[in-house]
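Worksheet: one structure, shown below.
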Amino acid sequence: MDAPRASYAVNGDTAIAYGVTGDGPVDLVYIQGFVSHVELMWECRQAAAFFDRIGRWARLITIDRRGIGMSDRFSADRLPPLEVAATDILAVMDAVGSERVAILGHHEGGQLGAMLSALHPERVRTLSLIETTTNWRVVSDEGDIWPSDEELAAEIAGFGRAFGQPSEQQKLFELTAPSHAGDGDLYRFLSKLERYAASPSSTVGFLTLLFHTDITGILDAIHVPTQVLHRVEDRLLPVRYGRQLAASIPGASFVELSGGDWWPFLGDTEPLHAALETFVLGAPVPPPSVAATRALATVLVTDIVDSTGHAARAGDDPWSDVRRRHDDIVRRHLAEEGGVEVKTMGDGFLATFEGPAAAVRCASRIAADVRELGVEIRAGLHAGEVTFEGGDIAGIAVSIASRVTAMAAPSEVLVSQTVRDLVAGSGLTFEDAGEHELKGVPDRWRLFRVTS
């Protein structure tokens, strides 16, 4: 199979590079991590063979995420959170005329695949995750000890300086490609791939995103057929993390693969191909109309503080004018950030967003602008599965967002930890607001106050 020539899909003002090969009956999107290059990957005979094998039974779509490879590049402080990267995948799917795809996500590409599957189950046929974890800083039953934020930042900076340099990468390749230890040709290719995929500063940026992103809170919203594949001797990401991931996704199957190569196309790939092909072609897939009734959403609930007192002091007509202007402000910011108004509730709004970062920005701007009317709001956000029922929504995520709102002070935006963990790369900042019991909701919940 010939190597693809990169094409481009445009998402907003950003060009996303992709390649298409194969002509099988199923479309499969391969989402790699930040070491990716649509054209250069084919110079590696092992990668080319890996892609060729998939192309025998699927139309294979490979993608360079924004900021990577042949896609538009950005400075390290403008790298995208998962919600933005998910829209890039949709843009590529639309460009190639693909309504529904199987996803194969590797490493942090697996996190992106999980996000897309939770947000848009109607566009995903199956989800396969290989060498993926919920969060690279997760503490397992093995008692992992992670460095402090300062120590981690220093380690990432050092890795960025050495990234792509053959003399500095031998230990890394011995870790990620043990079955090819000492293979100078492969080492030279992987070093070249790193240099073509990302600059040192963007490498630091993407690693920082990786270590500060946690998809744990969205896993129970994944309802597409899912398999988690993991090589049992992987030293970079031990197999226990794959087991933990599979156990956290409803109905997911877990496949242990022999060997220890972190790169999917290295080592003994036959078991991986067999498991992937069997799963994708054999999994029962619900119709898109059924899949779309439940999906991940970020829920925003707002409420005007002391609305009864304001109404009593102002009188009916003046207060009605304030309410109208308040509603106009809310709706304007919802439109700007892609929010969907579900309904008004008393003196507030219930709205949903695809992405948590957009929801947080919207809530913060509403809280700031309504003060010009002489009123304040409180706002709460949570990301989780919701059920779409006509023009309304239901589910525990709605209840949690409402309870978070009740905990907020005037002009304060509070978010659940799930929201905070999904917005790495957005530029938003938070401070810990402590653990709280939310009325009618099990467990204790850690909340965070939006500071900018």
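The values are calculated or read from the model by the stated rules, or taken from the named source; none is laboratory data. Model, not experiment: these values are computed from the prediction. Counting neighbours? That spans all protein chains shown, and the Cβs are built from the backbone with ideal geometry, glycine included.
When you look at GLY395, is it closer than 30 Å to SER248 by Cβ, at pLDDT below 95, surrounded by 17 or more Cβ atoms within 10 Å (Cβ to Cβ) and of a type outside the set (A, V, I, L, M), yes or no? In short, yes. Look at (1) of a type outside the set (D, E, K, R); (2) surrounded by 24 or more Cβ atoms within 10 Å (Cβ to Cβ); (3) in contact with a Lys or Arg (Cβ under 8 Å, 6 or more places away or on another chain); (4) at pLDDT 95 or above and you find that ALA118 fails only one, number (3).
For the range 280-299: of the residues being of a type in the set (A, V, I, L, M) and not in a loop (DSSP other than H, G, I, E, B), which is modelled with the lowest pLDDT? It would help to see each step written out before you state the result.
At the first step, the residues of the range 280-299 found to be of a type in the set (A, V, I, L, M) are 280-281, 283, 285, 290-292, 295-297, 299.
Restricting the remaining residues to those that are not in a loop (DSSP other than H, G, I, E, B) gives 280-281, 290-291, 295-297, 299.
Values: VAL280: 97, LEU281: 96, VAL290: 63, ALA291: 60, ALA295: 91, LEU296: 95, ALA297: 96, VAL299: 98.
Among them, the one singled out is ALA291.
Could you go through the range 193-216 and let me know if any residue there is closer than 19 Å to GLN111 by Cβ, part of a loop (DSSP other than H, G, I, E, B) and among the β-branched types (Val, Ile, Thr). Yes, some residue in the range 193-216 is closer than 19 Å to GLN111 by Cβ, part of a loop (DSSP other than H, G, I, E, B) and among the β-branched types (Val, Ile, Thr). Every listed requirement among (1) surrounded by fewer than 20 Cβ atoms within 10 Å (Cβ to Cβ); (2) without any contact (Cβ under 8 Å) to a residue 40 or more places away in the chain; (3) under 19 Å from the mean Cα position of the chain (by Cα) is met by ARG243 save one, (3). Does GLU431 qualify as being surrounded by fewer than 22 Cβ atoms within 10 Å (Cβ to Cβ), in contact with a Leu (Cβ under 8 Å, 6 or more places away or on another chain) and in a strand (DSSP E or B)? It is false that GLU431 is surrounded by fewer than 22 Cβ atoms within 10 Å (Cβ to Cβ), in contact with a Leu (Cβ under 8 Å, 6 or more places away or on another chain) and in a strand (DSSP E or B).
Table: residues versus (1) assigned to a strand (DSSP E or B); (2) out of contact with any Phe, Trp or Tyr (no Cβ under 7 Å at 6 or more places or on another chain).
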| position | (1), (2) |
| --- | --- |
| ALA9 | yes, no |
| ASP23 | no, yes |
| TYR30 | yes, yes |
| PHE50 | no, no |
| ARG53 | no, yes |
| SER71 | no, yes |
| VAL84 | no, yes |
| GLY97 | no, yes |
| GLY109 | no, yes |
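Out of all the residues in the range 55-69, which are in contact with a strand residue (DSSP E or B) (Cβ under 8 Å, 6 or more places away or on another chain) and either assigned to a loop (DSSP other than H, G, I, E, B) or not assigned by TED's automatic domain parsing to the domain that holds HIS273 (or both)? Answer for the range 55-69, where residues must be in contact with a strand residue (DSSP E or B) (Cβ under 8 Å, 6 or more places away or on another chain) and either assigned to a loop (DSSP other than H, G, I, E, B) or not assigned by TED's automatic domain parsing to the domain that holds HIS273 (or both): TRP57, ASP64, ARG65, ARG66, GLY69.
Scanning for something surrounded by fewer than 18 Cβ atoms within 10 Å (Cβ to Cβ), outside the structural domain of GLY109 (by TED's automatic domain parsing) and either of a type outside the set (D, E, K, R) or more than 28 Å from the chain's Cα centre (by Cα) (or both), does the range 297-304 turn up at least one residue? Steps first, answer last, please.
Of all residues in the range 297-304, those surrounded by fewer than 18 Cβ atoms within 10 Å (Cβ to Cβ) come to none.
Within the range 297-304, none of the residues are surrounded by fewer than 18 Cβ atoms within 10 Å (Cβ to Cβ), outside the structural domain of GLY109 (by TED's automatic domain parsing) and either of a type outside the set (D, E, K, R) or more than 28 Å from the chain's Cα centre (by Cα) (or both).
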